[in-house]
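Since the structure comes first, as structure tokens, the remarks are kept for the end.
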Amino acid sequence: MGTRTLTLFDDDHWSVCDPGHVFARRLKRSMCFALGYPPRGLAEATRMNSALLKNLVTGAGSSTQFIGGLVVALLYVVIGALCAIGSILVFRRVFQGRWEQIFWASFLLMIAAFYLSFAAYFEASTHAWQTEIVGVAVFLVFAVGGLFSRSAIAVGYVMHGLWDLSHCLSGSSLAGLSMTETPLGYGIFCSSYDFVVAHYLVISDSAWHEAGKFDLYFWRSRL
């Protein structure tokens, strides 16, 4: 009788040795797909392309992909604008006077630091980490300046919106500088948010020179 060779795949091997291990692996893989982040072991073709705006500008892909990408981009623009409007309406009532100024300055630094979390998740190169850290340092300067000048913080949000768009247009490299990857459409969403907030800061008549007031239950005054 001839001999046959039985090949066990990775999951098959673990299913014999440790059924609990293979269950955990398959559960993790399913969760990655559900959250939109394919497991790292899959082909590069399954990874998200963060340069969505670049693909639209250059016309990369088929006409169907262009239309779909355009719809996705417009969706992120609308969601970003609506989130900004909602944030403005809520936070200008929660943080009043001087505290509103402190909030928007602190929030600018926080959203700038998001790119460090993206660099960690996508395992960015050392050069990309350096670029993103310098970016955070620049926005730290705008945030500190925003504590003394309304214009400085408004300019900071405009600059951050342009920083978001640069990730969309360039992907992982900008003028020879390595940059981190970002989730699909994040740069479009965040830039839309930033520009609306910057516009509000320019036209706002909030009395930031007055003493700060924190009113978490502001809606009760309307009841």
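Brief remarks on what is shown
- Residue check for F189: in the same structural domain as I79 (by TED's automatic domain parsing), over 18 Å from Y76 (Cβ atoms) and buried (at least 21 other Cβ atoms within 10 Å of the Cβ): no
- Among residues of segment 205-217 that are farther than 12 Å from R92 by Cβ, those with a Cβ under 8 angstrom from a residue that is aliphatic (A, V, I, L, M) and modelled with pLDDT of 70 or more, sequence gap 6+ or separate chain, pair up as G212/I102; F214/V94; L216/V94.
- Being closer than 29 Å to S204 by Cβ, within 14 Å of the chain's Cα centre (by Cα) and surrounded by fewer than 19 Cβ atoms within 10 Å (Cβ to Cβ) is a condition met by at least one residue of segment 151-163.
- Answer from E132, E100, E123 - the residue that is of a type in the set (D, E), assigned by TED's automatic domain parsing to the domain that holds W208 and out of contact with any Phe, Trp or Tyr (no Cβ under 8 Å at 6 or more places or on another chain): E123
- Given (1) modelled with pLDDT of 75 or more; (2) of a type outside the set (S, T, N, Q); (3) closer than 29 Å to V155 by Cα; (4) surrounded by 11 or more Cβ atoms within 10 Å (Cβ to Cβ), number of the condition L56 does not satisfy: (1)
- From the list A143, A128, the lone residue that is farther than 23 Å from I85 by Cα and either part of a helix (DSSP H, G or I) or of a type in the set (S, T, Y) (or both) is A128.
- Sub-6 Å Cβ pairs linking a first residue in segment 103-128 that is within 16 Å of D164 (Cβ to Cβ) to a second residue that is of a type in the set (D, E, K, R) and assigned to a helix (DSSP H, G or I), at least 6 apart or interchain, are Y115/E132; L116/E132; A119/E132, ordered by first then second residue.
The values are calculated or read from the model by the stated rules, or taken from the named source; none is laboratory data. Computed from a predicted model, the values in this text were never measured in an experiment. Neighbour counts run over all protein chains shown; Cβ positions are idealised from the backbone, glycine included.
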